[in-house]
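Structure record follows, encoded as structure tokens.
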Amino acid sequence: SHELKTPLTSINGFAEILATGTTSKENTIKFANIIYKEGTNLLGLIDSIINLSRIESMNYDKNFQKVNIRDIAKDIVSKLSLRAKDKDLNLNLMAENVETYGDKRMLEDLLYNLIDNGIKYNRPNGKVDVFINKVDGNSIIKVKDTGIGIPIEEQNKIFERFYRVDKSRSKKVAGSGLGLSIVKHIVIYHNGEIALNSNLDEGTEIKIILPIENK
């Protein structure tokens with residue numbers, strides 16, 4: 001409720017000012033842009049909450065099908081390439097032709113959240129490397145970035161709902177803190193494993209292991 005209240009408070013506050021009809025044209029445009037940005041963040045948060053609730057409930061039959069992870073990764077990298085370019089980042093995909101059984105929509109969400117995080121919490125002239133390969137009957141997904149990293153004492157909390165690393169350092173980055181929680185639940189749903197390797201100010205690598213014959 002706190003995460004929902006924050007953007008709504010901002011929206012109501014600026015809308016109240018605009019309703020007085022006394023703001024200048026410059027401030028009207030400025031406040032309208034803030035309202036639009038907060039509204040967009042709020043919609044994104046609601047979508048993430050709905051998605052997480054859907055995954056957590058697991059009260060529906062698993063609809064696993066053969067999915068090409070390389071094709072999904074190519075699509076996600078293509079969608080996020082402009083955002084990476086805007087932040088002066090190199091976004092690289094090194095992928096083998098790997099097929100696995102899983103929920104395609106969930107695997108799209110998993111890759112999107114991992115790569116999006118790598119972009120968000122990176123630094124100018126950094127990079128995000130995405131690796132897809134197959135080892136011993138498992139599909140392996142690795143996303144490695146050169147970003148701000150995660151302190152050792154916080155690494156056990158990183159997959160909790162709404163958790164964001166060192167808010168004082170990441171406060172300028174829009175996000176709900178739900179992305180990695182969604183990733184964790186998708187991995188569990190697919191009987192997989194997740195591992196984190198991160199060093200402060202050096203970057204983060206997240207490795208996902210999913211069984212290929214996951215019927």
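All of the numbers you see were taken from the coordinates with simple rules; none came from a lab. Predicted, not measured: the structure shown is a model, and the values here were computed from it.
Some observations on this one:
- Amide H to amide H distances under 5 Å link L93 with V130, where only residues 5 or more positions off or on other chains count and H is placed in the peptide plane.
- Pairs exceeding a 31 Å alpha-carbon distance, out of K5/K74; K5/K144; K5/K30; K37/K79; K85/K207: K5/K74; K5/K144.
- Kirkwood radius for segment 68-148, taken over all pairs of different Cα atoms as the inverse mean of 1/r, rounds to 12.7 Å.
- Relative to the current alpha-carbon distance between N156 and K85, full extension at 0.36 nm per residue lengthens the span by 22.5 nm.
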